[in-house]
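The values are calculated or read from the model by the stated rules, or taken from the named source; none is laboratory data. None of these values were measured; they are calculated from a predicted model. Note that each Cβ is placed from the backbone with ideal geometry, even for glycine, and that neighbours are counted across all protein chains shown. Accessible surface areas use protein heavy atoms only, side chains included; no ligands, DNA or RNA. Shrake-Rupley method; radii C 1.70, N 1.55, O 1.52, S 1.80 Å.
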Amino acid sequence: MGSRPLSVDVYVAPMRPYTCPDRLGEGEVATWAPSSSALISGPTEGILIDALLTFENADQIAAWAKTFGKKITGVYITHGHSDHWLGLARLLQHLPEARGYAAPEVAARAAWEVEFNKKSKYWTSRFPGELPETPVVPEVLNTDEILVDSQVVNLIHVGQGDIGGSTIFHVPSADAVVCGDVVYNNVHMMMYEADEAKREAWIGSIDVVAELNAKSVVAGHKSVGAADLPENLAASQWYLRDFTTLANNGGTVEDLFHGMLELHGERDQPHTLWISARAEVVRRA
């Protein structure tokens with residue numbers, strides 16, 4: 001008899017308002033996108049994927065994970081955007097046997113974000129009193145195989161997601177893949193750092209995920225209650241292609257925002273679409 005397959009369970013922090021210093025568009029509401037953390041577990045052990053952002057995120061992830069009764073051995077971070085790892089300091093207080101890990105390119109970006117926030121106060125101004133004074137940057141993981149109750153979880157370096165240096169976690173025994181922000185699920189996709197060339201590379205990264213033929217595809221940003229279906233791979237690629245098509249038509253930020261809303265208005269978090277549209281028009285200037 002073989003080992004029992006691993007299971008993948010998902011916690012989603014719902015969309016919420018935040019303190020936004022930026023000038024907003026007409027009708028725009030500043031909300032932070034719904035975000036996911038995944039527990040990959042076997043009979044006795046488990047690992048978490050992504051620690052999210054705030055003290056509240058970390059407290060709720062820890063409480064949720066503890067209900068499974070597994071020894072949490074590590075928290076692994078998919079990519080360097082702070083909203084996926086700043087919660088690590090608080091989360092590790094709840095999980096004293098665990099440590100935080102990430103691929104070298106992810107840990108490097110996380111370290112850069114710490115210095116960026118010291119200078120810009122980007123994160124601390126938006127989430128005052130909700131973030132650690134001293135962030136815990138994930139340790140560099142120098143292997144692409146993680147064992148959970150003797151079953152392998154594969155870290156795959158896909159490269160471009162909504163930022164470069166993105167990774168995913170493939171769980172063969174569960175027929176699942178945890179994708180961070182390489183895949184979105186019913187949420188507007190962030191293109192603040194993704195120009196047309198990077199969007200094409202991002203589409204290629206999604207092809208890498210698709211080649212795994214997983215039945216469960218967990219997106220880093222997903223609506224509460226949305227199913228983790230492989231259809232979100234093609235849907236994410238479709239969104240990226242539509243954004244490029246509309247962006248190449250020229251026009252204003254409002255034109256790009258409303259054009260995408262006509263095509264993808266069912267998605268949560270239109271504030272992200274505003275941010276992406278503004279960034280694209282600035283790149284074009």
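Key figures for this structure:
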{"read-out": "Probe 1.4 Å, accessible area per residue of the chain, Å²", "value": "43"}
{"read-out": "Cβ charges +1 (Lys, Arg) and -1 (Asp, Glu), total dipole of the stretch 120-180, debye", "value": "300"}
{"read-out": "Net charge, Asn117 excluded, C-beta distance under 14 Å - Lys, Arg +1, Asp, Glu -1", "value": "0"}
{"read-out": "Within the chain, percent of DSSP bridges classed antiparallel, to nearest 5", "value": "60"}
{"read-out": "Between helix 270-284 and the chain: long-axis angle, C-alpha atoms, 0 to 90°, nearest 10", "value": "60"}
{"read-out": "Net length gained if the chain between Asp175 and Lys215 were fully extended (0.36 nm per residue, minus Cα distance)", "value": "13.8 nm"}
{"read-out": "Principal-axis tilt of helix 104-120 within the chain, Cα atoms, nearest 10 degrees", "value": "50"}
{"read-out": "Environment charge at Thr245 (Cβ cut-off 15 Å; Lys +1, Arg +1, Asp -1, Glu -1)", "value": "-4"}
{"read-out": "Chain lengthening between Glu133 and Lys71 when straightened (0.36 nm per residue, less Cα-Cα)", "value": "19.6 nm"}
{"read-out": "Sequence of Glu130, Glu145 from largest to smallest accessible area, 1.4 Å probe", "value": "Glu145, Glu130"}
{"read-out": "Listed values (1) 14.2; (2) 12.5; (3) 16.2, entry calculated as mean projected area of the Cα convex hull in nm²", "value": "(1)"}
{"read-out": "Mean ellipticity per residue at 222 nm, deg cm²/dmol - from DSSP H runs of n ≥ 4 across the chain, formula -39500 (n - 2.57)", "value": "-11000 deg cm²/dmol"}
{"read-out": "Partner aspartates and glutamates for Lys119 [C-alpha distance under 16 Å; skip if fewer than 8 residues away on the same chain]", "value": "Glu133"}
{"read-out": "Normalised contact order of the chain, rounded percent, pairs of Cα under 8 Å and 6 or more residues apart", "value": "18"}
{"read-out": "Other-chain or far-sequence residues with amide H under 5 Å of Gly100's (modelled H)", "value": "Val75, Glu139"}
{"read-out": "Most positive-pole-ward Cα, Thr124, Leu273, Ser41, against dipole of the chain from beta carbon charges", "value": "Thr124"}
{"read-out": "Whole-angstrom gap from the stretch 168-206 to the stretch 51-98, using each part's C-alpha centre", "value": "21"}
{"read-out": "Carbon/sulfur fraction of accessible area - the stretch 46-167, other protein chains in place, 1.4 Å, %", "value": "52"}
{"read-out": "Label-point gap, in nm, between Arg16 and Asp255 - each point 7 angstrom along Cα→Cβ", "value": "3.8"}
{"read-out": "Pairwise label distance in nanometres, Asp144 with Glu196, each label 7 Å out on the Cα-Cβ vector", "value": "3.2"}
{"read-out": "Under 28 Å from the Cα of Lys118 - lysines, other chains or at least 8 residues apart", "value": "Lys198"}
{"read-out": "Spatially proximal aspartates and glutamates relative to Lys215 (Cα-Cα < 17 Å; intrachain offsets below 8 disregarded)", "value": "Asp9, Asp175, Asp207, Asp228, Glu231"}
{"read-out": "Accessible area in the full protein assembly, largest first, 1.4 Å probe, for Ser173, Ser166", "value": "Ser173, Ser166"}
